[in-house]
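Read the structure below first, then the notes.
The values are calculated or read from the model by the stated rules, or taken from the named source; none is laboratory data. A quick note: this is a predicted structure, and the numbers were derived from the prediction, not measured. We place every Cβ from the backbone using ideal geometry, glycine too, and count neighbours over all the protein chains shown.
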């Protein structure tokens with residue numbers, strides 16, 4: 001079995017962002033720092049930065065992230081959106097509202113011409129999200 005999982009690079013705030021995503025999506029969050037792997041070459045100033053974070057939820061969401069260490073140019077997320085979809089209108093609306101807080105809504109969550117409910121936003125960390133609530137649920 002092969003999986004495709006989003007992996008987001010952050011500029012020294014991966015722990016904050018992933019903790020926020022855990023509060024929105026639920027699940028378990030595992031975080032290791034560069035300090036946890038002393039054999040991995042890194043600058044001492046990066047010791048407490050996130051080398052790898054892994055959020056996994058009971059409903060199958062898998063989201064990974066890391067901080068960008070010194071000496072590696074940071075590139076903000078662009079051109080890719082993370083899509084949340086399903087038929088649990090209450091949960092998806094709650095997640096939408098939480099992701100939108102402090103972010104920018106580019107298309108409000110509402111009726112989609114193709115059926116169901118759809119919205120687009122960029123969260124407070126610069127990550128783009130699509131939220132789709134299946135037509136049968138809305």
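Values for this structure:
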| read-out | value |
| --- | --- |
| Residue match in the stretch 61-68 (condition: assigned to a strand (DSSP E or B) and more than 17 Å from residue 127 (Cα to Cα)) | no |
| Residues satisfying the stated conditions in the stretch 1-11, i.e. part of a loop (DSSP other than H, G, I, E, B) and within 12 Å of the chain's Cα centre (by Cα) | 5, 6 |
| Test for residue 61: is it in contact (Cβ under 8 Å) with a residue 40 or more places away in the chain, in contact with a helix residue (DSSP H, G or I) (Cβ under 7 Å, 6 or more places away or on another chain) and surrounded by 14 or more Cβ atoms within 10 Å (Cβ to Cβ) | no |
| Meets criteria (modelled with pLDDT of 95 or more, over 22 Å from residue 122 (Cβ atoms) and crowded, with 18+ Cβ neighbours inside 10 Å) for residue 92 | no |
| Test set (1) under 19 Å from residue 127 (Cα atoms); (2) surrounded by 13 or more Cβ atoms within 10 Å (Cβ to Cβ); (3) free of Cβ contacts under 8 Å to residues at least 60 places away in the same chain; (4) not assigned by TED's automatic domain parsing to the domain that holds residue 125 - residue 73 fails condition number | (2) |
| Residues of the stretch 41-60 satisfying the condition of being more than 24 Å from residue 133 (Cα to Cα), in a loop (DSSP other than H, G, I, E, B) and modelled with pLDDT of 95 or more | 47, 48, 49 |
| Residues within the stretch 117-138 that are over 18 Å from residue 21 (Cβ atoms), surrounded by fewer than 17 Cβ atoms within 10 Å (Cβ to Cβ) and either touching a helix residue (DSSP H, G or I) at 6+ places or on another chain (Cβ under 7 Å) or at pLDDT 95 or above (or both), tallied | 1 |
| Options 91, 98; residue that is in contact (Cβ under 8 Å) with a residue 24 or more places away in the chain and either part of a strand (DSSP E or B) or more than 15 Å from residue 9 (Cα to Cα) (or both) | 98 |
| Top-ranked residue of the stretch 12-39 - restricted to ones that are in contact with a helix residue (DSSP H, G or I) (Cβ under 9 Å, 6 or more places away or on another chain) and assigned to a helix (DSSP H, G or I), ranked as surrounded by the most Cβ atoms within 10 Å (Cβ to Cβ) | 21 |
